[in-house]
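Heads up, the thing below is written out as structure tokens.
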Amino acid sequence: MNRILLFFLLILPTAALARYSATIEWIAPTAYEDGTPLAPEEILSFEIMYGTESGNYTNSVTVSGDARQYSVSNLASGTWYFVATVTTVELETSVISNEVMRRFSRGKPRSVTIKLR
């Protein structure tokens with residue numbers, strides 16, 4: 001008796017890992033907290049911080065002082081929080097900007113623009 005081995009390949013679909021991007025835009029400050037004028041050439045850099053918990057920013061990137069936007073890509077679906085700080089050429093760092101929250105999920109645009117103030 002011949003034996004026939006039946007081999008079935010079962011392919012289970014898996015949810016594709018949706019990835020999203022956010023373009024963060026900001027207006028550079030024109031004064032220190034005490035009201036003293038801050039010239040554009042006095043801005044050394046901006047630090048963009050972001051994470052999946054409010055107040056807990058596990059990712060960051062530093063961009064040049066003349067930048068006014070930055071795009072973050074490869075964000076997983078879910079809720080993301082974004083903030084920024086500015087550092088002067090004298091290495092003084094500002095307080096954290098307002099926190100902006102965005103939720104990325106299936107059926108929503110994969111890319112958004114976020115404005116920090």
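Here, each number is a calculation from the coordinates, and none is a lab measurement. Just so you know, these numbers come straight off a predicted model, no measurement behind them. Don't worry about glycine lacking a Cβ; one is built from the backbone with ideal geometry, like all the others, and counts go over all protein chains shown.
Taking 7 Å steps out from each Cα toward its Cβ at Ala76 and Ser105 produces label points 1.7 nm apart. Ordering Glu41, Glu47, Glu92 from the fewest to the most neighbouring beta carbons within 10 Å gives Glu41, Glu92, Glu47.
Go ahead and run the numbers for FRET between Val61 and Tyr32, Cβ-Cβ distance against an R0 of 35 Å, rounding to 0.05. With a Förster radius of 35 Å, E is 0.90. Calculated over the stretch 19-116, the projected area of the Cα convex hull averaged across directions stands at 6.0 nm². Working from label points 7 Å from Cα in the Cα-to-Cβ sense, the Glu41 to Ile96 distance is 3.4 nm. Residues within the reach of a label modelled at Val89 (point 7 angstrom out along Cα to beta-carbon, backbone nitrogen below 13 Å), restricted to the stretch 25-46, are 38-45.
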